[in-house]
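**Q** Pasting in a structure now, in structure tokens, and then I'll have a few things to ask.
The values are calculated or read from the model by the stated rules, or taken from the named source; none is laboratory data. As the structure is a prediction and not an experimental result, all values here were calculated from the model. Using ideal geometry, Cβ is built from the backbone for each residue, glycine included, and neighbour counts are taken over all protein chains shown. Quick note on the areas: whole protein, heavy atoms, side chains included, nothing else; ligands and nucleic acids left out. Shrake-Rupley method; radii C 1.70, N 1.55, O 1.52, S 1.80 Å.
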Amino acid sequence: MEAKKDSLLGVEEAQRRISAAITPVTECEQIALGDSLGRVLGADLCSSADVPPYANSAMDGYAFNSADLPDIGKRDLKIVGAALAGKPYSAALRPGECIRIMTGAVLPQGADTVVMQEQAECAGDTLLLAPGHAPGQHVRRAGEDIARGDVVLKCGRRLQPADLGLLASLGIATVNVYRRIRVALFTTGDELREVDEPLDAGQIHDSNRYVLRALLTQAGVTCVDMGIVRDRREQVRAALARAADIADVVISSGGASAGETDYIREILAELGEVNFWRIAMKPGKPLVFGRIGRAHFFGLPGNPVSAMVTFYQFALPALLKLMGMQDRAAHTLLLNCTEHLKKAAGRTEFLRGVIEHDAAGQMTVRTTGAQGSGILSSMSKADCFIILPGPCTEVTPGAPVTVQLFTL
Ligand code: AMP
Ligand code: MG
């Protein structure tokens, strides 16, 4: 039965309500740096050392003191030795001296400037230093990347590959991160079969569980896959109760609307509480959000595209907040749309988009074609959502649209 149109909740209001219901985890654990990719820092990380730890050369060339730079004419500097990365020149340079130096080698005492090999003129063990070099050039100063005591990474940072390198360069072998959150996942539907089962008439393979498991893996949570649950009240009830017992978040697909065998909302109301269940969006209108005991619950729609859109818009931000992440990168852009788009006023639409470049090298966006909520290939071809707000009824070619990338 269709409820009145005004009972649909706006997308942003739904996101606000979800965010308000989520309190980030506080329990932390100490793990090896090598295992920390994608984990969220549980405390600020400060540097106990300078990086780089010593001044070193940024080039292959010759190191000397800037006091020896000539104003006019060339100056002869005596090449008194060499420094390689890991093999320093241990003496101090005296006026009028230089050493051969390789990238990454320590600058010896008395040296503060490097002339690169390509610009150096040598005769035997003499460097003929020309004017025109800036004092301090081609030198990486001690602590220029990170100074001792700096906050290197903040609490709530989801660790990226470069972060691991940064921490390794500081000699930090273990990190304090929030515990992983657990998500229990099941799909519902009498028509669903496993991927390796033959199909009888009226049956389909369960694709949502593969999509959702992959999205959960990307998000960095532990996923407990509870398989397919049949459209029977008792089975849905048992699955929901068990899932809520073992997980921080329960996600289901299917059975969330108002069809004859759509039990999700009714059983959630019985076992826990329903926060809301209908959103003014397309696709994805039936989304059930609530909780059972301590577990948050997202009942996603069964249509494959709707399940993905609602995961990205509602479940993902909730998971990231729950896992303590505080610095989610911007992932919306304003790009010119190359297509003519039409829609009915009212619901927010999430079209599947592909980003391209026009002749001038500017990024533009177009849709992936047919946009039905069951057409999963429209998602597979896409690299972003084109978001058309409720009041919008038309986009003319060349007009800007909001684009949301499929990034975390
Ligand atoms: P429902 O939300 O249960 O009414 O399902 C809506 C549509 O999505 C129906 O056509 C279902 O067959 C389809 N569907 C439901 N669950 C899945 C799933 N796990 N994988 C693929 N399609 C599904
Ligand atoms: Mg169903």
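**Q** Note down all Cβ pairs under 6 Å where the first residue falls in the range 188-205 and is more than 18 Å from Asp262 (Cα to Cα) and more than 12 Å from ligand 2 (Cβ to nearest atom), the second is open to solvent by less than 70 Å² (accessible area, probe 1.4 Å) and not in a loop (DSSP other than H, G, I, E, B), and they're at least six residues apart or on different chains.
**A** Sorted first by the residue in the range 188-205, then by its partner, the pairs are Leu199/Arg193; His205/Arg193.
**Q** If you scan the range 256-271, which residues turn out to be open to solvent by 60 Å² or more (accessible area, probe 1.4 Å) and within 16 Å of ligand 1 (Cβ to nearest atom)?
**A** Glu260, Arg265, Glu266 - these are the residues of the range 256-271 that are open to solvent by 60 Å² or more (accessible area, probe 1.4 Å) and within 16 Å of ligand 1 (Cβ to nearest atom).
**Q** If you don't mind, another one. Looking at the range 106-122, which of its residues are out of contact with any Gly (no Cβ under 7 Å at 6 or more places or on another chain) and within 14 Å of Ala83 (Cα to Cα)?
**A** As a first pass, look at the range 106-122 and keep what is out of contact with any Gly (no Cβ under 7 Å at 6 or more places or on another chain): 106-111, 118-119, 121-122.
Passing the criteria: Val106, Leu107, Pro108, Gln109, Gly110, Ala111.
**Q** While we're here: So which residues in the range 217-230 are open to solvent by less than 60 Å² (accessible area, probe 1.4 Å) and either away from ligand 2 (no atom under 13 Å from the Cβ) or in a helix (DSSP H, G or I) (or both), if there are any at all?
**A** Ala219, Gly220, Val221, Thr222, Cys223, Val224, Asp225, Met226, Gly227 - these are the residues of the range 217-230 that are open to solvent by less than 60 Å² (accessible area, probe 1.4 Å) and either away from ligand 2 (no atom under 13 Å from the Cβ) or in a helix (DSSP H, G or I) (or both).
**Q** Go over the candidates Gly220, Gly259, Gly284 one by one and state the one that is closer than 28 Å to Gly38 by Cβ, of a type outside the set (Lys, Arg) and modelled with pLDDT under 95.
**A** Gly284
**Q** Separate question: Filter the range 277-295 down to the residues that are without any contact (Cβ under 8 Å) to a residue 60 or more places away in the chain and open to solvent by 10 Å² or more (accessible area, probe 1.4 Å) and list them by number.
**A** Trp277, Pro286, Ile292, Gly293, Arg294, listed by residue number.
**Q** State all residues of the range 151-165 that are charged (D, E, K, R) and surrounded by fewer than 17 Cβ atoms within 10 Å (Cβ to Cβ); if no residue qualifies, say none. First the steps, then the outcome.
**A** The initial filter retains those residues of the range 151-165 that are charged (D, E, K, R), namely 154, 157-158, 163.
Listed by number, the list holds a single entry, Lys154.
**Q** Assess whether Val274 counts as being open to solvent by 10 Å² or more (accessible area, probe 1.4 Å) and in a strand (DSSP E or B). Steps first, answer last, please.
**A** Numbers: open to solvent by 10 Å² or more (accessible area, probe 1.4 Å): yes; in a strand (DSSP E or B): yes.
Here the answer is yes, as Val274 does meet what is asked.
**Q** Output the residue which, of all residues in the range 302-332 that are of a type in the set (A, V, I, L, M) and modelled with pLDDT under 95, is farthest from the chain's Cα centre (by Cα).
**A** Step one: filter the range 302-332 for residues of a type in the set (A, V, I, L, M), giving 305, 307-309, 315-316, 318-320, 322-323, 325, 329-330.
The next check asks that each one be modelled with pLDDT under 95; those that pass are 329-330.
On the way: Ala329: 7, Ala330: 10 Å.
Step by step, filter the range 302-332, then rank; the result is Ala330.
**Q** Right, here's the next one. Output the residue which, of all residues in the range 300-348 that are charged (D, E, K, R) and farther than 24 Å from Asp262 by Cα, is surrounded by the fewest Cβ atoms within 10 Å (Cβ to Cβ). Spell out how you get there, then give the answer.
**A** The first filter runs over the range 300-348 and keeps only residues charged (D, E, K, R), leaving 321, 327-328, 339, 342-343, 347.
Pick out the ones that are also farther than 24 Å from Asp262 by Cα and you get 321, 327-328, 339, 342-343.
On the way: Lys321: 19, Asp327: 13, Arg328: 14, Glu339: 17, Lys342: 9, Lys343: 17.
Residue satisfying both the conditions and the ranking: Lys342.
**Q** Can you tell me which residue within the range 292-344, out of those that are assigned to a loop (DSSP other than H, G, I, E, B) and polar (S, T, N, Q), is nearest to ligand 2 (Cβ to nearest atom)? Walk me through how you get there before you give the answer.
**A** Narrowing the range 292-344 to residues assigned to a loop (DSSP other than H, G, I, E, B): 293-294, 301-303, 323-331, 338-340, 343-344.
Retained after the next criterion (residues that are polar (S, T, N, Q)): 303, 326, 338.
Working: Asn303: 10, Gln326: 37, Thr338: 36 Å.
Applying the filter and picking the extreme gives Asn303.
**Q** Considering only the range 196-216, how many residues are open to solvent by 40 Å² or more (accessible area, probe 1.4 Å) and either outside any helix (DSSP H, G or I) or within 18 Å of Ile246 (Cβ to Cβ) (or both)? Explain how you work it out, then say what you get.
**A** Just the residues of the range 196-216 that are open to solvent by 40 Å² or more (accessible area, probe 1.4 Å), to begin with: 196-202, 204-205, 207, 210, 213-214.
Pick out the ones that are also either outside any helix (DSSP H, G or I) or within 18 Å of Ile246 (Cβ to Cβ) (or both) and you get 196-202, 204-205, 207, 213.
Of the residues in the range 196-216, 11 are open to solvent by 40 Å² or more (accessible area, probe 1.4 Å) and either outside any helix (DSSP H, G or I) or within 18 Å of Ile246 (Cβ to Cβ) (or both).
**Q** Count, please, the residues in the range 232-276 that happen to be farther than 21 Å from Leu319 by Cα, more than 16 Å from ligand 2 (Cβ to nearest atom) and either touching a Lys or Arg at 6+ places or on another chain (Cβ under 8 Å) or aromatic (Phe, Trp, Tyr) (or both).
**A** Result for the range 232-276: 2.
**Q** Within the range 124-149, track down each residue that is open to solvent by 40 Å² or more (accessible area, probe 1.4 Å), under 19 Å from Pro52 (Cβ atoms) and either part of a strand (DSSP E or B) or in contact with a helix residue (DSSP H, G or I) (Cβ under 6 Å, 6 or more places away or on another chain) (or both).
**A** Arg140
**Q** Can you find a residue that is more than 16 Å from ligand 2 (Cβ to nearest atom) and in contact with a Pro (Cβ under 7 Å, 6 or more places away or on another chain) anywhere in the range 383-398? Break it down stepwise before answering.
**A** Step one: list which residues in the range 383-398 are more than 16 Å from ligand 2 (Cβ to nearest atom), which gives 383-398.
With the extra rule that they be in contact with a Pro (Cβ under 7 Å, 6 or more places away or on another chain), the set shrinks to none.
No, there is no match, as no residue in the range 383-398 is more than 16 Å from ligand 2 (Cβ to nearest atom) and in contact with a Pro (Cβ under 7 Å, 6 or more places away or on another chain).
**Q** Among the residues of the range 231-252, write down those that are in a loop (DSSP other than H, G, I, E, B) and open to solvent by 60 Å² or more (accessible area, probe 1.4 Å).
**A** Once the filter is applied, which keeps residues that are in a loop (DSSP other than H, G, I, E, B) and open to solvent by 60 Å² or more (accessible area, probe 1.4 Å), the range 231-252 yields only Arg232.
**Q** Go through the range 111-144 and give me each residue that's in contact with an Asp or Glu (Cβ under 8 Å, 6 or more places away or on another chain) and of a type outside the set (A, V, I, L, M). If you could, list the steps in order and put the result at the bottom.
**A** Applying the first criterion (in contact with an Asp or Glu (Cβ under 8 Å, 6 or more places away or on another chain)) to the range 111-144 yields 116-117, 126-131, 135-136, 139, 142-143.
Result: Gln117, Thr126, Pro131, Pro135, Gly136, Gly143.
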